Amino acid sequence: PSLRELILDGITTPPLSSSQQQQPPPLSFKHLEVLIEAIGPNTSIKKCSLQHSQITNEIASMLALALVDNTTMTSLSLRGNDLTSVAVQNFYSVLNSGENRTLRVLDISNNVGIDEDVSEAFETFMEQRAVKRMLTMQAEKAKRIAKGLPLLNEMLEEESEDDWRIGS
């Protein structure tokens, strides 16, 4: 079995007290960099959550670039981090370029450095992207059915998979 969900919420937050010694130490920037480099070519992880993990614009930019090569991730949550509108612009650039067609949910909520207007515009963009993906998939599915061709695996998965919405 392959790893499908990578949940690292709060992973870079240091422990609250020294009595919590059973917790692993926080990830360093270098560890996060290695992790993100591995996400790009990864073909099994569909959902990744780094909520409340002190993710900065620099780390988010690396994640955005990793999405260029990633063809399986459908959901990414960066809720409650240290992001600004710059990070949103980087994600927008990658997603708008058409290089990544699989990401459906990108939660950037509760990042106080993101302007409300930018957040709302990005949410609208992601909604439009989802509608476009759904219409394209329905059209392709109808063509395959009309030609008597079998449905592709991603079409079958699309029917059975629920969106992983983490609040926006």
Notebook entry, point to check: Just one of the numbered conditions (1) modelled with pLDDT of 95 or more; (2) of a type in the set (A, V, I, L, M, F, W, C); (3) open to solvent by 20 Å² or more (accessible area, probe 1.4 Å) is not true of Leu78; which one?
Noted result: (3)
Check: Which of the residues belonging to segment 94-121 are surrounded by 15 or more Cβ atoms within 10 Å (Cβ to Cβ) and either among the basic types (Lys, Arg) or within 27 Å of Ser44 (Cβ to Cβ) (or both)?
Finding: Val94, Leu95, Asn100, Leu103, Arg104, Val105, Leu106, Asp107, Ile108, Ser109
Note to self: Filter segment 93-113 down to the residues that are of a type in the set (Asp, Glu) and not in a strand (DSSP E or B) and list them by number.
What the structure shows: Glu99
Notebook entry, point to check: Looking at Thr56, Thr72, Thr136, Thr124, which one is among the hydroxyl-bearing types (Ser, Thr, Tyr) and at pLDDT below 90?
Noted result: Thr136
Notebook entry, point to check: Is it the case that Ser75 is closer than 16 Å to Glu123 by Cα and among the small types (Gly, Ala, Ser)?
Noted result: yes
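The values are calculated or read from the model by the stated rules, or taken from the named source; none is laboratory data. If you're wondering where the values come from, they're calculated on a predicted model, not measured in any experiment. Please note: Cβ atoms are built from the backbone with ideal geometry, for glycine as well, and neighbour counts cover all protein chains shown. Quick note on the areas: whole protein, heavy atoms, side chains included, nothing else; ligands and nucleic acids left out. Shrake-Rupley method; radii C 1.70, N 1.55, O 1.52, S 1.80 Å.
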